[in-house]
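Student: Once you've had a glance at the structure underneath, I'll fire off some questions.
The values are calculated or read from the model by the stated rules, or taken from the named source; none is laboratory data. Since this is a predicted model, take the numbers as computed values, not measurements. For neighbour counting, all protein chains shown are included, and Cβ atoms are generated from backbone atoms with ideal geometry for every residue, glycine included. Heavy atoms of the whole protein, side chains included, go into the accessibility calculation; ligands, DNA and RNA do not. Shrake-Rupley method; radii C 1.70, N 1.55, O 1.52, S 1.80 Å.
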Amino acid sequence: MSNLLFDFPEDETTRKALPIPRRETVMQAVERFEEISTKPESPVRSIRHVPAREGQYAPIPAAVDARITEALASRGIKQLYSHQAAAFEHVHGGRNVVIVTPTASGKTLCYNLPVLNKLLEDPGARALYLFPTKALAEDQLNELHGAVEQMGSDLKCFTYDGDTPQDARRAIRERANVVLTNPDMLHSGILPHHTKWAKLFENLRYFIIDELHYYRGVYGSHLANIIRRLKRLCEFYGSKPQFICCSATIANPKELAEAITAEPFALVDQNGAPSGEKFFVMYNPPVVNRQLGIRRSYLHESRRIAIDAIQRGQQTLVFANNRLATEILVTYLKDAVEKGATPSGMIRGYRGGYLPKERREIEAKLRSGEIRGVVATNALELGVDIGSLDAVVLAGYPGTIASTWQRSGRAGRRQNTSLAVMVASSAPLDQFIVEHPDYFFGQPPERATINPDNTEILINHLKCAAFELPVREGEKFGPHDTGELCEFLKELGLVTHSAKAWHWTSDSYPADAISLRAVTSDNFVVIDVTDGNTIIAEVSFPVALVTLHEKAIYLHEARQYQVEKFDYEQRKAFVRRVDCDYFTDAIDYTQVKILEEFDQRPIQRAQACHGDVRVNRQIVGFKKVKFYTLENVGAGNLAMPEQEMHTTSWWLHFPAEFLNQLEQYTPSERANGLAGLANALRAVAAMLVMCDPRDIGTSLTEEIAGGLVAWEPNLYLYDTYPGGIGQSLPLFNQTKRLLEGAEELISRCGCEAGCPSCVGPVGEVGEKGKEAALAILSLLRAGVTPSIASEEVPF
């Protein structure tokens, strides 16, 4: 029986039986890093020791059914962690609760215990579990099955997702006490077919949202609207479920839970679980060209550190921040182990584009120890049980403090001693974090934000709501009156008004047209034509434009495929297996135009603004980049369709009178300074609003005829999603923090004239880009007033 049956770590006897050599190999690696840290200009910027932590316990509440108590006792578990007991008391008292504790702290029992307790008391009750991925749902189903067997109960628990066989679906709808699903299936497979799920909705007592921190930005904005639809149906069927949410550590879990569900919550944030000791190393690749600020490749350094760990016998997980970096690292690691004693099959990649069967196989082999090393995107950041790893290597800063701790927590999940190494890239945000370890270790995690009232997202889910049930006159959808919105849908020919309600009349199925991970939908299918036509992956629309254009090298499991045909209309890319020594990197061209200015504040003859903008973006070419050396070995032109979107933006407007203060610089040098400033601002902005830097686009108004007198540029930081996802207003309100963070990032960088770690390389930004950027910031900072932001700056 799995020792994670109730998501408890091993008891003392089990822990003492763990093999000692595992700790010794970790300590050998730590001692090596400590030795390196004593050398001049060491790349090891910090080594932090997080000591083992004793658990804090509480008695099992008297209200817990005796069958559950006995099942726990049979495993030697006679008390709960303090946060588990607190969560049970809140749920038992009828309150919605959000639990926020670190990775591997037993959060599963926080919802399993009250849910199973209720179902044993009332077998007719129902519970719906929501997980962000199918893999996580399948993992938790195994836990539930084991618990039900130990209790000797006949409660029925099933997953319901896209992989569920058609012939099993009816039985699940009728018999399941607990349904485990994901937002996609809830959105398109359950809510639109609610009449088939009448028994579930009539008796729904608990709604569980696991990995709550994952639902931020676009995904969280969609989920909030799905919950609006769910609550609407529950009201129709006469039920009012309690919400139980679990989250990794973020700054505002209660606020996020309340924003997603529009319900009040109690917060449990005092962790009672024990933890093993952890060593966290901050590693900054050495500088190889001081004048240009060029460092050794972070991918090469990550590869070297991972290989060292694997050869020491440590089961190692490497996190990369994007698909391309993942595939490059898989290629590097497989090449390296083939030259040693480790079989290449023990190194695998893991990311979203892989087919479900591949991912389940990798997860199982990680648990069994057959695989010694995996390179993954954030797809493995969540709590899928992959056994007890010894080491985690982060190839690049994940973008947030919360994600960094979440990823590092994947090692040492059984109270083992573990090692996490963050290898910084040359990106400005990475450099800020690695050179300010005290900021990272002393700063609380970031806030998660959503914008469920994004117009496109809201309208799309209102369509789904109208499809599910007629929208009554005067009915609200969230906080919004639906009358005017339904009139708009009527103009589109989707609804009609009769009997004091709006009725769906279109033949379309609205849920199918909505992608929850983007504001717009449409995925591209990747078809391998090497031997017949085989689907090898599915890629989202934005990613497809930069990775599947014709002549692109598409990487999958360290194999290279050249794109022979990109069928934009049919959303297909046809690829053929090739063997080449380079990969491709797309080049884009972007223009931004202001549509409406919502607010503006003066800053020393300039203005900080936010509002609606139109962004036009086109992929115009690509570079060929050689593996290992990363040298540019070729290029090509492309004529891809131009993409247009309306979104929200924060921007700085620089009138001529502001620029005239920079008389020591030529017009082109001033433009270089603004370009460099844009790069630094984006890095700091991503940190402030807890998003991936790729969620924020940058653009500068182009110079127009007439020279400097007529040039009054705007520097834009815009949301890269149609309609915006709520990032521009927080940036506007934190303008002071944004400018101060950018100034510190640039001024503390040791390069002479600009590098990838601050304003960008001199070759891209131009002459005096760094110097001019600092001069612009100095003028702006002198003019920042307290009204710009009242919050204390943490930089």
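Student: Classify segment 133-223 as rounded, prolate or oblate, taking a ≥ b ≥ c as the square roots of the eigenvalues of its Cα gyration tensor: rounded when a/c is under 1.5, otherwise prolate if a/b is larger than b/c and oblate if not.
Tutor: It comes out oblate by the Cα gyration axes.
Student: Oh, and also: Net charge near Thr38, counting Lys/Arg +1 and Asp/Glu -1 over other residues with Cβ under 14 Å of its Cβ?
Tutor: Computed value for this residue: -1.
Student: Another question about this same structure. Using the alpha carbons of segment 418-553, what is the convex hull volume per residue in cubic angstrom, as a whole number?
Tutor: 246
Student: Another question, then. If we sort 302-308, 531-537 on the protection proxy, mean other Cβ atoms within 10 Å, highest first, what's the order?
Tutor: The peptides rank, most packed first, as 302-308, 531-537.
Student: Also: Just subtract the alpha-carbon distance of Glu202 and Arg360 from 0.36 nm times their residue separation and send over the number in nm, one decimal.
Tutor: Result for the pair: 53.5 nm of gain on full extension.
Student: Further question: Keeping all protein chains in position, work out how much accessible area Glu771 exposes to a 1.4 Å probe, and write it in Å² to the nearest 10.
Tutor: Its heavy atoms expose roughly 90 Å² to the probe.
Student: Relative contact order for segment 105-207 using alpha-carbon pairs under 8 Å, separation at least 6, rounded to a whole percent? Please report the intermediate quantities before stating the final value.
Tutor: Working: 114 pairs, mean separation 39.0, N = 103.
The value is 38 percent.
Student: Hey, another quick one. Of Ser508, Met645, Ser247, whose Cα points farthest to the positive end of the dipole of the chain (charges on the beta-carbon: +1 Lys, Arg; -1 Asp, Glu; origin at the Cα centre)?
Tutor: Result: Ser247, furthest along the dipole toward the positive end.
Student: What do you get when you divide the Cα radius of gyration of the chain by 2.2 N^0.38 Å, with N the number of residues?
Tutor: 0.97
Student: Let me ask another. What ranking, highest mean first, results for peptides 161-170, 761-770, 240-249 when packing means the other Cβ atoms within 10 Å averaged over each residue?
Tutor: 240-249, 761-770, 161-170
Student: Rounded if a/c is under 1.5, else prolate if a/b beats b/c, else oblate: with a ≥ b ≥ c from the C-alpha gyration tensor eigenvalues square-rooted, which is segment 205-273?
Tutor: oblate
Student: I need the shape label for segment 528-680. Rule: rounded when a/c is under 1.5, else prolate if a/b > b/c, else oblate, with a, b, c from the alpha carbon gyration tensor. Could you put the intermediate results ahead of the total?
Tutor: On the way: a/c = 3.60, a/b = 2.00, b/c = 1.80.
The shape class here is prolate.
Student: Could you order the peptides 145-152, 104-111, 176-183 from most to least packed, using the average number of other C-beta atoms within 10 Å per residue?
Tutor: Put in order of decreasing packing, that is 104-111, 176-183, 145-152.
Student: Filter the trypsin sites (Lys or Arg not before Pro) in segment 44-89 to those in DSSP coil with at most 12 other Cβ atoms within 10 Å of their Cβ, and list the result. Each step should come with its number before you reach the end.
Tutor: Working: sites: Arg45, Arg48, Arg53, Arg67, Arg75, Lys78; in loops: Arg75, Lys78.
The qualifying sites are Lys78.
Student: Let me ask you something else. Can you list, by residue number, the Cys in the chain that have no neighbouring cysteine C-beta under 4.7 Å?
Tutor: Cysteines of the chain left without a disulfide-compatible partner: Cys110, Cys157, Cys234, Cys245, Cys246, Cys464, Cys486, Cys580, Cys609, Cys691.
Student: Between segment 455-514 and segment 180-250, what is the separation of their alpha carbon centroids in Å?
Tutor: 19
Student: How much length is gained if the chain between Val620 and Asp567 is pulled fully straight, taking 0.36 nm per residue apart and subtracting their Cα-Cα distance, in nm to one decimal?
Tutor: 17.4 nm
Student: Also, quick follow-up: Separation of segment 631-681 and segment 145-179 by C-alpha centroid, Å?
Tutor: Centre-to-centre distance over Cα atoms comes out at 55 Å.
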